[in-house]
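Novice: For reference, the structure I am asking about is given below.
We did not get these values from a lab; they are worked out from the coordinates using the rules stated. On a predicted model such as this, the values are computed, not experimentally measured, just so you know. Every residue, glycine as well, gets a Cβ built from its backbone with ideal geometry; the counts of neighbours run over all protein chains shown.
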Amino acid sequence: MRHFKNFMVLIMTLTAVTFTSCSNDDTGDGDPGQSGTPSGVMVAKVNGNNFQSLALSSSATIANDGQNLVIIATSTTAQAFSFSVFGFDGTGTYPLGGGSNIFNSASYSETDVNLNNPQNSTTEIWQAPYDDTVAGELVITEITDTKVKGTFNFTCKNVGGDQSIKTITEGSFNLEKVVN
């Protein structure tokens with residue numbers, strides 16, 4: 001019993017030190033980032049629930065001689081975001097859908113991993129746009145030699161599944177820039 005109490009005291013001490021030594025506005029690179037977004041990640045609210053990606057699996061790729069932007073961000077909870085902008089022209093606002101912007105798109109996905117039988121895992125994808133209206137926007141606020149920063153919001157639909165709608169709000173990113 002004495003060892004258990006000592007172990008619990010150690011865990012509580014480490015937890016207290018961890019939470020009191022961290023700051024909400026620290027981005028790890030001395031830069032407050034986009035709306036406080038930590039360096040290398042994407043954050044958002046999905047139907048009001050928090051999402052934060054892993055830096056290891058998040059990036060902004062500029063391809064096709066700078067004409068296309070592809071952003072991918074995944075989390076430890078099997079959630080992911082993907083954005084594609086064709087006709088990319090640097091900082092600015094890129095509507096998702098509507099008229100001639102049908103090639104700018106975003107998606108949100110959730111994977112339910114079946115650990116007993118991985119082949120039975122399922123992935124649901126909500127996409128924007130899902131009709132001919134503007135579903136939201138991706139705003140690129142800053143591009144440097146190493147980073148792409150911005151904000152986003154959109155409404156997406158599970159067109160291949162139950163037709164449910166998800167609302168993505170308060171999205172921001174401060175991602176590593178990759179050039180292909």
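Novice: Of the residues T123, T144, T111, only one is farther than 20 Å from G66 by Cβ, touching a residue at least 24 places away in the same chain (Cβ under 8 Å) and among the β-branched types (V, I, T); which? Please lay out each step first, then the result.
Specialist: Working: T123 fails: touching a residue at least 24 places away in the same chain (Cβ under 8 Å); T144 fails: farther than 20 Å from G66 by Cβ.
Sole residue among the options that is farther than 20 Å from G66 by Cβ, touching a residue at least 24 places away in the same chain (Cβ under 8 Å) and among the β-branched types (V, I, T): T111.
Novice: Which of the residues spanning segment 155-180 are on the phi > 0 side of the Ramachandran plot and either in a strand (DSSP E or B) or touching a helix residue (DSSP H, G or I) at 6+ places or on another chain (Cβ under 7 Å) (or both)?
Specialist: E170
Novice: What are the residues in segment 82-109 that are surrounded by fewer than 17 Cβ atoms within 10 Å (Cβ to Cβ) and either of a type in the set (D, E, K, R) or in contact with a Cys (Cβ under 6 Å, 6 or more places away or on another chain) (or both), if any?
Specialist: Answer for segment 82-109, where residues must be surrounded by fewer than 17 Cβ atoms within 10 Å (Cβ to Cβ) and either of a type in the set (D, E, K, R) or in contact with a Cys (Cβ under 6 Å, 6 or more places away or on another chain) (or both): just D89.
Novice: In a strand (DSSP E or B), touching a residue at least 12 places away in the same chain (Cβ under 8 Å) and over 18 Å from Y94 (Cα atoms): is that true of K149 in this structure? Give the steps one after another, and end with the answer.
Specialist: Numbers: in a strand (DSSP E or B): yes; touching a residue at least 12 places away in the same chain (Cβ under 8 Å): yes; over 18 Å from Y94 (Cα atoms): no.
Considered against the rule, which asks whether it is in a strand (DSSP E or B), touching a residue at least 12 places away in the same chain (Cβ under 8 Å) and over 18 Å from Y94 (Cα atoms), K149 comes out as no.
Novice: Let me ask something else about it. Would you pick out the residues in segment 79-102 that are hydrophobic (A, V, I, L, M, F, W, C) and in a strand (DSSP E or B)? Break it down stepwise before answering.
Specialist: We begin by selecting, within segment 79-102, every residue hydrophobic (A, V, I, L, M, F, W, C); these are 80-81, 83, 85-86, 88, 96, 102.
Residues satisfying the conditions are A80, F81, F83, V85, F86, L96.
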